[in-house]
Amino acid sequence: MAILSARRRSAAISVAAVAGLAAAGVGLAVGGASAGTVSGSLYRDPSSAVVRWVAANPGDSRAAVIRDKIASQPQARWYANFNPSTIQSEVSSFIGAANAAQQIPVLSVYEITNRDCGGASAGGAPDLNQYQTWVSNFARGLGNQTVLIILETDSLALQTCLSTSELNARNQALTTATQTIKSANPNAKVYLDGGHSTWNSANDTANRLRAAGVQYADGFFTNVSNFNPTSSEANFGRAVISALNGMGISGKRQVIDTSRNGGAAGDWCADDNTDRRIGQYPTTNTGDANIDAYLWVKPPGEADGCRYTAGSFQPDLAFSLANGAPNPPPTTAPPTTAPPTTAPPTTAPPTTAPPTTPPPAGNGCSASVAINQWNGGFTASVNVTAGSASINGWTVTIALPSGAAITGTWNAQASGTSGTVRFTNVGYNGQVGAGQTTNFGFQGTGTGQGATATCAA
C-alpha cells in the first residue's frame, strides 16, 4: 500500500532492539525526523479492550491476526464517562505508565454536554459548568511530558441541535478547556474537531475552529467519524490551514485518524458491517510539515452503535478490519499476554457519516440518504453525486415519513419542514465534478427511517 512506503524505512529496527532501547530509558523516534511538531513513539495501552481480548482468547482462530495487526499498535484511550471524582487518578495512572515507557500517550476526551446531538453516542457532562469541573480534574492528571489530546469529537462538525446561545456557550467551553489543559501541562498538544473532508467545507471548518479557540490549541483532528482516504484528509487539512492563515491564525497542524480508512466499500456504519480495512499504522513520522501524526483514535474493532453497542469490542469487526492488511513495521513491542487487573474505561466513539454513492449514468445527479435514528429524533446525511458530466447547482427532494419534521439543516437550504421537502445547494457546494460527491444533512424529530431522496441538476 503506497501510504506505508514512507514508514518502511524504519523496518530494520527489530522488536528486540526496541525493547532494549525502552529498557535503557531511550525515547524512540520512528524513522527519524517527523516533519510535524511531534516526534517520538506513541504509547500502546496494555489494558485496551483488544489486548485484553487477545490475552483471554489465545485459541481463537482470529487471535493471531488481531494480535499482530491491531493489538500491537498504539491507540487512543477514550475518556467518555462523567466521573469528576476519579478522572484525575485515572488519567494520572495512564500518563505515568506512558511516561515510564518513554512514549507519547493519546487521550480522546469525549465529555462535552449534549454530545453527538443525542445520537448513538449520547451522553457527556450534565451541563457546561460541570464539564469545566471535569476538565480541570482531567488536566491535573496530565503530568508535564508530551501528550496528545483529541478534544471532543464531533463537537464542532455537528452543531445542528444547538441554539445560538448554546453554540456560543459550547465554543467558550472548548476554548476554556483548551486553555485549562495547556495551563496544567504546557507540553500537551491539544487538537480540536475538524470533522472530515466530506462533511463541512474547509472555510466553514476554519470558522468553527476559530470560534472554539483554535488559536490557543495546536491544531485540529479529522476523520475520527469517517473513513476517508488519508490523501483526501491531508488535502482538506491544507485547505483548513490556509483558511486559518487567512484569518491571522498561523502555525496550526493536523492529525488524521487512519484506523479504518484502508479501503473497501461498504455501508455507512462501516465497523458494524465488517466491510472496511485498517489504514496507515499509527506514527508521528508523517513526512508532512502540516501533519503532526497519523493516529488510531477510533479503536479498530470497537463498534459504532449500529449492530452492536457503541464502544463495545467485537472480534469479528476487528478481524475484518485487519484481515488482508499489510504487516506493521516492527517498531512496537508485542502485546502483553496477561490481562490487566482493571477494566478499561467504557468508550463511546461517534457514529460515522454515509459513503459516497455510485455516480449515475449520463448527465444529472443522484442522491442517497442515511438516517441515524434515536428515541424521538434523528439526523440525516445526504450524498449528492454528479453523473458523467459536472453539474452547477442541484436540488434534492426528500419524502419524509409521516410525523417527521425537520428542525435544522447544514450545507443546504431547505424549503419546507415536513412531508416532501426540497433542498438546494449553498454557494460553495453547487458545483460538483463528474462522478464526484458532495454532502449535506439535516436533523429532525420523529422517525426518519424510510425517507427517500431524488436529485435534479
Check: What is the fewest-to-most order of 313, 94 by other Cβ atoms lying within 10 Å of their Cβ?
Finding: 313, 94
Margin query: Once you compute Rg and the Kirkwood Rh from C-alpha atoms, what is the Rg to Rh ratio for the range 127-220?
Written below: 0.97
Next item on the list: Would you mind estimating how fast the range 67-164 diffuses translationally, via Stokes-Einstein at 37 °C and 0.692 mPa s with the Kirkwood radius over Cα pairs, in µm²/s?
Entry: 225
Note to self: Based on C-alpha coordinates, I'd like the Rg and Dmax of the range 365-456, in Å.
What the structure shows: 12.7, 41
Next item on the list: Please report the relative contact order for the range 389-457, taking Cα pairs under 8 Å with a sequence separation of at least 6, and give it as a percent rounded to a whole number.
Entry: 49
Next item on the list: Could you give me the radius of gyration and the Dmax of the range 2-322, taking only the C-alpha atoms into account and expressing both in angstrom?
Entry: 18.6, 57
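Can you sort 388, 85, 225 so the residue with the fewest Cβ neighbours within 10 Å comes first? Working shown, then result.
Working: 388 12, 85 8, 225 25.
Result, fewest neighbours first: 85, 388, 225.
Between residue 163 and residue 211, what length comes free when the chain is fully extended (0.36 nm per residue of separation minus the Cα-Cα distance, one decimal in nm)? Walk me through the intermediate numbers first.
Values: separation 48, 0.36 × 48 = 17.28 nm, distance 1.50 nm.
Once the chain is fully extended between residue 163 and residue 211, it gains 15.8 nm.
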Check: Amide H neighbours of residue 452 under 5 Å, counting only residues 5+ apart in sequence or on other chains, H built in-plane at 1.01 Å?
Finding: 399
Next item on the list: With a point put 7 Å past each Cα toward its Cβ, work out how far residue 97 is from residue 407 in nm, to one decimal.
Entry: 3.9
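Multiplying the sequence separation of residue 316 and residue 426 by 0.36 nm and subtracting their Cα-Cα distance, what value in nm do you get?
Numbers: separation 110, 0.36 × 110 = 39.60 nm, distance 4.11 nm.
Contour length minus the Cα-Cα distance gives 35.5 nm.
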Notebook entry, point to check: Which value, in Å to one decimal place, does the Kirkwood hydrodynamic radius take for the range 177-321 when every pair of different Cα atoms is included?
Noted result: 15.8
Checklist line | Inter-label distance, nm, simple model (7 Å from Cα along the C-beta direction), residue 389/residue 183 | finding: 6.0
Check: Under 20 Å Cα-Cα from residue 252, which aspartates and glutamates qualify once same-chain neighbours fewer than 8 residues away are excluded?
Finding: 152, 154, 193, 204, 218, 233, 288, 292
Notebook entry, point to check: What is the pair-distance distribution P(r) of the range 285-333, computed from all Cα-Cα distances in 5 Å bins starting at 0, with each bin given as a whole percent?
Noted result: 5, 16, 18, 21, 17, 13, 9, 2
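If you stretched the chain out fully between residue 445 and residue 82, how much longer would it get, using 0.36 nm times the residue separation minus the C-alpha to C-alpha distance? Write down the numbers at each step before the final one.
Details: separation 363, 0.36 × 363 = 130.68 nm, distance 2.69 nm.
Separation in residues times 0.36 nm, less the Cα-Cα distance, equals 128.0 nm.
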Checklist line | In order through the range 288-294: 3J(HN,Hα) via Karplus (6.51 cos²θ - 1.76 cosθ + 1.60), integer Hz, x for Gly, Pro | finding: 10, 5, 8, 10, 7, 6, 9
Next item on the list: Enumerate the lysines that residue 298 could reach by cross-link, defined here as Cα to Cα under 21 Å, with residues fewer than 8 away along the same chain left out.
Entry: 69, 189
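Bear in mind these aren't lab numbers, they're just calculated from the coordinates by the rules spelled out. Fair warning: this is a prediction, and the values are worked out from it, not measured in the lab. Heads up, the Cβs are rebuilt from the backbone with ideal geometry, glycines too, and the neighbour counts pull from every protein chain shown.
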